[in-house]
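Just below is one structure, and these are the notes that go with it.
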Amino acid sequence: IHLLEQNPDKIYWYKLSENPNAIHLLEQNPDKIFWTMLSSNPNAIQLLEQNPDKIYWYKLSENPNAIHILEANPDKIRWDYLSANANAVHLLEQNQDKIVWSILSSNPNAIHLLEQNPDKIYWNWLSTNPSIFEYDYDAMKERMYGSGLCEELMANRFHPSNMSKFGGWGFEEMIPDGFVH
């Protein structure tokens, strides 16, 4: 931040406007804000609420922290961008006729909607969705403990020959003088 404050003529304000950590600098320079990019900035909600005439609604529709603004302005929502917004699933559920299903297929919080509408899934986009995989913690636990792998790992890691790798934790003081490992 100090570099930016010392070199304001070198700041690329377009990109800075979307940086969630740059809000105080943007507040100090409102004439340099690129409102298009700021509209997607999750930490810019207060600035956007203070300047509703400058909001770019398509970018705000993808902003995960702008749900309350979108709910208050449903006529301005861009449903294609909202379909990707992980925090907007409840709005999408209420307006399924406006969902862009290709985009929704990649939305990690929309799995239940996709399961209810398998005929509308875009499989290539679904392949990018991290929520299509579920961890089977019971099977993982069984594999760890049932195979003896857990005991083997602990025996290896906590073997006296590895104690030097835990430096700084006071293990050196616990090893008696003259102990050979």
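Tabulated data
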{"item": "Fraction of accessible area attributable to carbon and sulfur, the chain (%, probe 1.4 Å)", "result": "54 percent"}
{"item": "Listed residues P52, P74, P160, most fluctuating in the chain (Gaussian network, C-alpha, under 10 Å)", "result": "P160"}
{"item": "Efficiency of FRET between H2 and K32 - r from beta-carbon atoms, R0 22 angstrom, step 0.05", "result": "0.80"}
{"item": "Length released on extending from N21 to N117, taking residue separation times 0.36 nm less the Cα-Cα span", "result": "30.7 nm"}
{"item": "Length gained when the stretch Q50-A139 is fully extended (0.36 nm per residue, less Cα-Cα span)", "result": "26.9 nm"}
{"item": "0 to 90° range, to nearest 10: angle between helix 137-146 axis and the chain longest Cα axis", "result": "10 degrees"}
{"item": "Hull-based mean projected area of the chain, where the convex hull spans the alpha carbons, in square nanometres", "result": "18.9 nm²"}
{"item": "Exposure ranking of M144, M37, M154 by accessible area [1.4 Å probe, largest first]", "result": "M154, M144, M37"}
{"item": "Difference of contour (0.36 nm per residue) and Cα-Cα distance, K10 to L153", "result": "46.2 nm"}
{"item": "Computed magnitude of the charge dipole of region 41-174 (debye, nearest 20; Cβ of K, R +1, Cβ of D, E -1)", "result": "380 debye"}
{"item": "Helical mean residue ellipticity (222 nm; -39500 (n - 2.57) per DSSP H run of 4+; nearest 500) of the chain", "result": "-9500 deg cm²/dmol"}
{"item": "Separation of the K98 and D75 label points, Cα + 7 Å toward Cβ, nm", "result": "1.2 nm"}
{"item": "Check: region 53-120 dipole with +1 on Lys, Arg Cβ and -1 on Asp, Glu Cβ, in debye", "result": "220 debye"}
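The values are calculated or read from the model by the stated rules, or taken from the named source; none is laboratory data. Model, not experiment: these values are computed from the prediction. Every residue, glycine among them, receives a Cβ derived from its backbone with ideal geometry; neighbour counts consider all protein chains shown. Just the protein is used for accessible areas: all its heavy atoms, side chains included, with ligands, DNA and RNA removed. Shrake-Rupley method; radii C 1.70, N 1.55, O 1.52, S 1.80 Å.
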